[in-house]
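Q: I'd like to ask you about the structure that follows.
The values are calculated or read from the model by the stated rules, or taken from the named source; none is laboratory data. For clarity, every value in this text was computed on a predicted model and none was experimentally measured. Here the Cβ positions follow ideal geometry from the backbone for every residue, glycine too, while neighbour counts run over all protein chains shown. Quick note on the areas: whole protein, heavy atoms, side chains included, nothing else; ligands and nucleic acids left out. Shrake-Rupley method; radii C 1.70, N 1.55, O 1.52, S 1.80 Å.
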Amino acid sequence: MIVERILAHLKHPDPPAPRDSFVPLPKMVCQAPVPDLPSIEALVLDVGGVIYDDTCWWRWLVQVLSHAGVRIRHDVLWEDWESQYLCFGKRDEQTFWASLRQCLNRLGLTDSCCDEVQAAATAQRKQCESTLLPFPGVEATLCDLSQLQIPIDAVVGACSTSEQLGRRLRVLSLASYFHQAISAGDHGCSLLDTSFYQQLVQQRGMVAEKVALISSKPRHLFAARRCGLIPIAVNCLGNFRTDLCLGHLANLPGQLRYRCNRQAA
């Protein structure tokens, strides 16, 4: 089997970040002075890459693909799949793999190789999900944010449902900190679509300019900014300029308190 030979030469995939050894990702964008930020009345938190590592399985997959002759970075593969192949209809394992197979076929993998990759990657995906942990300090940070009386919505892309996101947050013991768990896919959108953020703001009855999106994905932040939301980058790779860019979510409560104190003064 092709994949068995590939896996025999693979190094162990990087595990999710342990609770006591978080290292901020490189290439952080310079942040503008905090006083330039408008007031924030609600937060929308794009959970992957901010409260837990959502790259483990994708990094494992690109290692497999590299031994099959396909050289691509995990973030490029994920972004290509999200923007070009992701389905918004029935979202289950079958449709997930159908869309991913299209992406892998375009990269040069044959159908037989895709079959073997899927067989191995299905089990690996379940393992990554079962060993998921929040980044260090996330629970304490969410507790600090809750004391600021700013409601927080958790959002995820179309690859998960709202129910799946809610269950994941409960397993991580973080669900109580969020007003609601929302999947863009349940709205027939992705987190790349401005229409999703428009719907979210309308449902909350708020002004877009007073709602902030916290995300590690530059293109999600860009879409939110186009809709009028305040983009806050956390662990963000890439060339995205925003008013506030943080290396870790733990830095956010202090920045918001600073802003609130200035307004009170």
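Q: Give, as residue ranges, the helices (runs of 4 or more DSSP H) completely inside the stretch 108-198 that count at least 2 residues that are touching a Leu at 6+ places or on another chain (Cβ under 8 Å), in contact (Cβ under 8 Å) with a residue 60 or more places away in the chain and within 21 Å of HIS220 (Cβ to Cβ).
A: Output list reads 138-147.
Q: Please identify the pairs in which a residue from the stretch 216-227 that is open to solvent by 10 Å² or more (accessible area, probe 1.4 Å) has its Cβ atom under 6 Å from the Cβ atom of a residue that is assigned to a helix (DSSP H, G or I), counting only partners at least 6 apart or on another chain.
A: Correct list of pairs: ARG226/THR194; CYS227/THR194; CYS227/TYR197; CYS227/GLN198; CYS227/ALA208.
Q: Let me ask something additional. If I filter the stretch 184-215 down to residues being touching a strand residue (DSSP E or B) at 6+ places or on another chain (Cβ under 7 Å) and small (Gly, Ala, Ser), which single residue comes out as modelled with the lowest pLDDT?
A: Per the criteria, the residue is ALA184.
Quick grid of which residues meet (1) more than 21 Å from TYR52 (Cβ to Cβ); (2) surrounded by 12 or more Cβ atoms within 10 Å (Cβ to Cβ); (3) at pLDDT below 90:
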{"residue": "GLN84", "(1), (2), (3)": "yes, no, yes"}
{"residue": "GLY89", "(1), (2), (3)": "yes, no, yes"}
{"residue": "TRP97", "(1), (2), (3)": "yes, yes, yes"}
{"residue": "ASN105", "(1), (2), (3)": "yes, yes, no"}
{"residue": "GLN118", "(1), (2), (3)": "yes, yes, yes"}
{"residue": "ALA121", "(1), (2), (3)": "no, yes, no"}
{"residue": "GLN124", "(1), (2), (3)": "no, yes, no"}
{"residue": "PRO134", "(1), (2), (3)": "no, yes, no"}
{"residue": "CYS143", "(1), (2), (3)": "no, yes, no"}
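Q: So VAL70 ticks every box in (1) surrounded by fewer than 18 Cβ atoms within 10 Å (Cβ to Cβ); (2) part of a helix (DSSP H, G or I) but one. Which box is left unticked?
A: Status for VAL70: all satisfied but (2).
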